[in-house]
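Working notes for the structure below.
The values are calculated or read from the model by the stated rules, or taken from the named source; none is laboratory data. Predicted model, so just to flag it, every value in this text is computed and none were measured. A quick note on method: Cβ atoms are made from the backbone with ideal geometry, for glycine too, and the neighbour counts reach across all protein chains shown.
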Amino acid sequence: MSAAQPSTTPPSSPSPSPSPSPSPAPSLILGTAGHIDHGKSSLVRALTGTDPDRLAEEKRRGITIELGFAQLKLPSGRALGVVDVPGHEKFVRHMVAGATGVDVALLVIAADDGIMPQTVEHMAVLEILGVRTAVVALTKVDLVDEEWRAFMEDEVRSRLASGPFANAPVIGVSSRTGEGLDELRAALDEACRHAQRTKGAGPARLPVDRVFTVKGFGTVVTGTLWSGTLSEGDALSVLPSGRATRVRSVQMHGIACEQAAAGNRVAASLAGLSTDDVRPGDFLCAPQAASTSDRFDAAFTYLDPLAFGRPLKTGARVHVAHGTREVLGRVLLMDGAASMNSGEHAFTQIRLEEPLPVAYGDQFVVRSYSPVHVIGGGTVLSPHPRRRTNLAPEEHVLLEALAEGDVDAAVGAHLKLAALPETADDVARACGLDEEQVRASLAHLHEAGGVAVLGARPARYAPSALVQKTLARMERALLNFHTANPQATGLSKEALRQQVAHLADAGCFGALLDEAERRGIAAHADGEVSHPRAGAGARAAEKRAADTLEQALVEAGVTPPELESIASDLGIDPAIARKAATALEREGRIVRVDASRCYAAGAIERCREAVVAHISAHGPSTAADLKEAMGVSRKFAMPLLELLDNTGVTRRAGDLRTLV
């Protein structure tokens, strides 16, 4: 099993052995780029000793068709993962997939040919994907004279002067003679000292570029680990399918290891999956680390690297490449813009025909629908936006904050757009941000006084103005209810939610209600909500009804009438009587034996004592014996005896009852 190529002779044991001590330098990926037949694969072979062209067709035709992989050891001891990409225009999609996760570019330009169309297109892809460190290898210098070589070096430097690779060293090399290879290795070593990872920290995310089967290992996937770590036993999800799997073993650059870190070429064998269950283009992610989306908001740059001179119209159908997958979609410009010209930047919403597992900060590349060539790309800002192209002012603020990496501003802008208080997890998921960063930002905003915190498990956050507005609406609803229903003690919690915040889930509305109680504008008990002032008279009436009802039941002893009959005799509204009975039962002052009959607690206790005394004196007893002991008729005796059975006083065995 290898991240470089499938091994036909796997290790004798599928259990990984510890890898050699890692270099203190961070792991980086080196990616080739350049026009077809400019010698990329030959240069990789000369530098590493590994032939990245593994397909028979590649060797027969002399061109790279699929991605090739190798490892390059530099003079400092640093080891780079090398991704060799195709240069043919028909395989630019594979180049884009290979450039995903590249930290340092090796731009290959043949001295006898110069800068060609795919050179330009590949440079555009690297720029779009955020690669800012490059070394130029001017290959085939053995085929040109010194004058032409100097001319070509000047031409390359001039062409790079206005872009991100303006300071890239240009090293003349010959893969055939070995000229310049040591100088190139030294230049790459120096470039790596200043390079920054294009992917940041976070949970494990790996875009899959190859899938195969190795005997003794099962299904194996390879890719460049974008973030996080992979270890034996780790649970993973395959996106977009959502299938669950587990890592059986891990290798980096063909060496078994206990843990693979981000920035490495990784091969992982997966449990419970066939090669039909995971395909090139899929993502392997830690559970809950990402989710698919059929649209995303982006900071988009339109480029015209091949100088066709056409503007990009809103709604244009395009190919969208993300990770190692490419799908069709459309680029929609914001706020009524009809088109954009080459070199312009804009916020856009990308609508996809197939979902992608995008996350905040991911880079993507866009190619025209037909003819197919690179026309731009950018950075994912909001991975799960609503469908719209006309932005509210706060939406502009949100996208600008996300584009600048200002988490506090992004969180504040999102909360101003939210209709209800949200948890930190809600905010993180909506903005696509790390939850710990969001929690820290929410704490800052709360300390500054602009954000209120409601509840604790989990806490919910909202602008203070939104909380005040929602609670004012709640207070009006309660006062209006009491005005219309002066005898009611309150309305149900659900009815109030429907009036005040029908989109709120139970947890959110509960936090709002708790805050209303804390501020003294609501009282919540027994599933009902009332206003503390307006509902006072009704609550007092209910208390009086409860006291009267309890006294009547005490006087009725062990033969009370049904509840409705007592209420009628006492002149109590049946609804109030039922609520009063519920309150009395909750307080332990009465006992309900069935839906219609209640007893004073003292009466039940007398019946219990009578039954216990009779069975203790006479042994197992019939219902007839026990009704006589209690001094009641069979109509009253049977519900009472069932109550004693259910509360663990007696046990029924046939027609007899014994003490438990």
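In summary, helices (runs of 4 or more DSSP H) completely within the range 422-496 and bearing 3 or more residues that are within 23 Å of the chain's Cα centre (by Cα) and over 30 Å from Ala545 (Cβ atoms) occur at 424-431, 435-447. Residues being more than 25 Å from the chain's Cα centre (by Cα), part of a strand (DSSP E or B) and touching a residue at least 60 places away in the same chain (Cβ under 8 Å) are represented in the range 256-272 by at least one member. For the range 408-421, the tally of residues that are part of a helix (DSSP H, G or I) and either among the basic types (Lys, Arg) or buried (at least 20 other Cβ atoms within 10 Å of the Cβ) (or both) stands at 7. Residue count for the range 24-67 satisfying the condition of being within 14 Å of Leu80 (Cα to Cα), small (Gly, Ala, Ser) and either surrounded by 20 or more Cβ atoms within 10 Å (Cβ to Cβ) or at pLDDT 75 or above (or both): 3.
At least 3 residues being under 28 Å from Ala418 (Cβ atoms) is the threshold, and among the helices (runs of 4 or more DSSP H) wholly inside the range 499-611 those reaching it are 506-518. Name the residues in the range 397-406 that are free of Cβ contacts under 8 Å to residues at least 40 places away in the same chain and either among the aliphatic types (A, V, I, L, M) or surrounded by 14 or more Cβ atoms within 10 Å (Cβ to Cβ) (or both), would you? Across the range 397-406, the qualifying residues are Val397, Leu398, Glu400, Ala401, Asp406.
Within the range 292-313, the set of residues being surrounded by fewer than 18 Cβ atoms within 10 Å (Cβ to Cβ), of a type outside the set (Lys, Arg) and in a loop (DSSP other than H, G, I, E, B) comprises Thr292, Leu306, Ala307, Phe308, Gly309, Pro311.
For the range 329-357, the set of residues classified as surrounded by fewer than 19 Cβ atoms within 10 Å (Cβ to Cβ) and outside any strand (DSSP E or B) consists of Asp335, Gly336, Ala337, Ala338, Asn341, Ser342, Gly343, Glu344, listed by residue number. If a residue must be at pLDDT 90 or above and hydrophobic (A, V, I, L, M, F, W, C), how many such residues does the range 193-211 contain? The qualifying residues number 4. Residues of the range 501-516 being of a type outside the set (Gly, Ala, Ser) and loosely packed, with under 14 Cβ neighbours inside 10 Å, which ones? His502, Leu503, Asp505 - these are the residues of the range 501-516 that are of a type outside the set (Gly, Ala, Ser) and loosely packed, with under 14 Cβ neighbours inside 10 Å.
As a summary of the residue check, Ala525 satisfies the conditions (1) crowded, with 21+ Cβ neighbours inside 10 Å; (2) closer than 21 Å to Glu587 by Cβ except for the one numbered (1).
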